[in-house]
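The values are calculated or read from the model by the stated rules, or taken from the named source; none is laboratory data. Since we're looking at a predicted model, the values are computed, not measured. Here the Cβ is made from the backbone with ideal geometry for all residues, glycine too, and neighbour counts use every protein chain on show.
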Amino acid sequence: SSGSAGTSGTRFDLERETELRFEVEAGERVQLELLSGLAEVFGSELNRNKKYTFGPGSKIAVFTWQGCSVSLSGTTEVAYISKDTPMLLYLNTHVALEQMRRQAEKDNERGPRVMVVGPTDVGKSTVCRVLLNYAVRLGRRPTLVELDVGQSSVSVPGTMSALCIERPADVEEGFSVQAPLVFHFGSTTPGTNIKLYNKLTSSLAEVFSQRCEVNRKASVGGCIINTCGWVKGSGYQALVHCASAFQVDVVIVLDQERLYNELKRDLPHFVRVVLLPKSGGVVERSKDCRRETRDEKIREYFYGFRATSFYPHAFDVRFSEVRIYKIGAPSIPDSCLPLGMSQDDTQLKLVPVSPGRDLTHHVLSVSSVDDDAEVGAGQSRGILESPVCGFIVVTAVDTQAQVMTVLSPAPRPLPRHTLLIMDIRFIDLK
Ligand code: ADP
């Protein structure tokens, strides 16, 4: 059965509490229009008679509480209506969280801190988006904490961040990211450096708690924490660590009973652990698909949404102008560690990187740390705890001239001169 909607547009009539699911084919675009009734995409309301465009690879659900008619034009890979969605359960969860916010308001307490967990491709980010949208639509100011270093919805991959949500997500572009707090992690899986991952989780929790102390709305709004799909071994331990660092009140486990039971066993009894089903609409993404999404996210950082809004700059940076570090030395056997040093120390160590040709295409975070901050032998204090103020990509290295050419969102000079190297590469095809 072909989901091709043709160019004129195909009309879909949806009954209440059903959703239209569609996927956009590679190289295609699909336009969606709400003809009548009310509908939302992942918790953001659609405006009537406005055309929304979705790019290649988009996987979308248009849900309606009341019933609606929509039209789709362009080539979809699939397009079908489903009556079987967990949206009512997600709404009930939102209602319970809102109850907690009201209570917090009354008792001068803090609002709910929620952690969303589950294996990959169960719709964690989507559930976060729905819950945040519903909260902000009621005038709340929840914070999104993004710990998924592989597929961040806030910043480039390889980062961990927090974003105060002030308006519903744009249907096409997602949440607007003004002034997020971003930390450099450096790779797309927490396992590369679990010590650093846990440390940055703690840093984010600390900053969030400080903000809650001075900002009542942020405190009542609480937070929704999106996590990685790695739920075994150290990945599981990282979830337990996160729950304690943020002092979460609620954990939403999507789709995995074993994980649910483990967390119920291991978290303090006052933490409410809830098991929710995943939506049948969530599509499993291939490795390639994930890589493309990551690439797209980096491209978006430099060129803006659909590569149309920003004009990045290319300029040369002398090696002598910058200091480049990698966080974490390769681990060495315990027996070889110098006296008094632990593996923790090696994972959090700053290792100076001498610029060479192998820097080409790497993404570098520009640390906000003071340029003249002392960085002693392997001392990382200050740099690890400092947020990132932007990213550059090395597009060429000239070892003879001792310069590298970089792609940067802003013209020269670099705002700061301490750079942290990511494992992640980006090839700018523009
Ligand atoms: P996770 O965070 O668990 O990896 P996501 O929330 O990113 O999963 O969802 C995976 C993909 O499925 C995303 O592209 C998302 O847009 C899509 N998706 C989520 N829910 C639905 C749905 N109900 N119908 C169609 N696509 C969906």
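Some points to look at:
- Leading residue by the ranking (farthest from Phe319 (Cα to Cα)) among those in region 387-413 that are more than 25 Å from the chain's Cα centre (by Cα) and in a loop (DSSP other than H, G, I, E, B): Pro411
- Number of residues in region 256-281 that are touching a strand residue (DSSP E or B) at 6+ places or on another chain (Cβ under 8 Å) and over 17 Å from Gly233 (Cβ atoms) equals 15.
- Scanning region 164-173 for residues being surrounded by fewer than 18 Cβ atoms within 10 Å (Cβ to Cβ) and either of a type outside the set (Lys, Arg) or touching a strand residue (DSSP E or B) at 6+ places or on another chain (Cβ under 8 Å) (or both) gives a total of 4.
- Within region 382-401, the set of residues being of a type outside the set (Phe, Trp, Tyr) and touching a Ser or Thr at 6+ places or on another chain (Cβ under 7 Å) comprises Ile383, Glu385, Ser386, Pro387, Val388, Cys389, Ile392, Val394, Thr395, Ala396, Val397.
- Leu339, sole failed condition from (1) outside any helix (DSSP H, G or I); (2) in contact (Cβ under 8 Å) with a residue 24 or more places away in the chain: (2)
- Residues located in region 99-129, provided they are of a type in the set (Val, Ile, Thr) and more than 9 Å from the ligand (Cβ to nearest atom): Val114, Val117
- Just one residue in the set Ser153, Ser176, Ser161 is surrounded by fewer than 22 Cβ atoms within 10 Å (Cβ to Cβ), closer than 23 Å to Ile424 by Cα and not acidic (Asp, Glu); that residue is Ser153.
- Top-ranked residue in region 81-95 [being part of a helix (DSSP H, G or I) and either out of contact with any strand residue (DSSP E or B) (no Cβ under 6 Å at 6 or more places or on another chain) or without any contact (Cβ under 8 Å) to a residue 12 or more places away in the chain (or both); ranked as nearest to the ligand (Cβ to nearest atom)]: Tyr90
- A Cβ distance below 9 Å, combined with a sequence gap of six or more or placement on separate chains, defines the contacts here; from region 110-130, residues that are part of a loop (DSSP other than H, G, I, E, B) reach residues that are among the hydroxyl-bearing types (Ser, Thr, Tyr) and within 8 Å of the ligand (Cβ to nearest atom) in the pairs Val122/Ser279; Gly123/Ser279.
- Any hit, region 312-325, residues being surrounded by 14 or more Cβ atoms within 10 Å (Cβ to Cβ), hydrophobic (A, V, I, L, M, F, W, C) and either assigned to a loop (DSSP other than H, G, I, E, B) or within 16 Å of the ligand (Cβ to nearest atom) (or both): yes
- Take the conditions (1) within 16 Å of the ligand (Cβ to nearest atom); (2) crowded, with 16+ Cβ neighbours inside 10 Å; (3) of a type in the set (Lys, Arg); Arg299 misses just one of them, which is (1).
- Annotation for region 167-179: no member residue is in a strand (DSSP E or B) and of a type in the set (A, V, I, L, M).
- None of Val149, Val156 is at pLDDT 95 or above, of a type in the set (A, V, I, L, M, F, W, C), touching a Lys or Arg at 6+ places or on another chain (Cβ under 8 Å) and in a loop (DSSP other than H, G, I, E, B) except Val156.
- For region 38-58, the set of residues classified as modelled with pLDDT of 95 or more and within 16 Å of the ligand (Cβ to nearest atom) consists of Ala39, Glu40, Val41, Phe42, Gly43, Ser44, Leu46, Tyr52, Thr53, Phe54, listed by residue number.
- Candidate set from region 140-168 (those that are out of contact with any helix residue (DSSP H, G or I) (no Cβ under 8 Å at 6 or more places or on another chain) and without any contact (Cβ under 8 Å) to a residue 60 or more places away in the chain); member that is farthest from the ligand (Cβ to nearest atom): Leu163
- From Ser279, Ser286, residue being surrounded by 16 or more Cβ atoms within 10 Å (Cβ to Cβ), within 15 Å of the ligand (Cβ to nearest atom) and of a type in the set (S, T, N, Q): Ser279
- Failed condition for Gly74, given (1) within 13 Å of the ligand (Cβ to nearest atom); (2) within 26 Å of Phe175 (Cβ to Cβ): (1)
- Screening region 169-179 for residues that are small (Gly, Ala, Ser) and in contact (Cβ under 8 Å) with a residue 24 or more places away in the chain and picking the one that is nearest to Ala39 (Cα to Cα) gives Ala169.
- Members of region 343-362 found to be surrounded by 12 or more Cβ atoms within 10 Å (Cβ to Cβ) and out of contact with any Lys or Arg (no Cβ under 8 Å at 6 or more places or on another chain), listed by number: Asp345, Thr346, Lys349, Pro355, Leu359, Thr360
- Lys124 meets all of the listed conditions (1) among the basic types (Lys, Arg); (2) crowded, with 23+ Cβ neighbours inside 10 Å; (3) more than 26 Å from Gly281 (Cα to Cα) but one, namely (3).
- Evaluation of Asp121 against the conditions (1) in contact with an Asp or Glu (Cβ under 7 Å, 6 or more places away or on another chain); (2) at pLDDT 95 or above shows that the sole unmet condition is (2).
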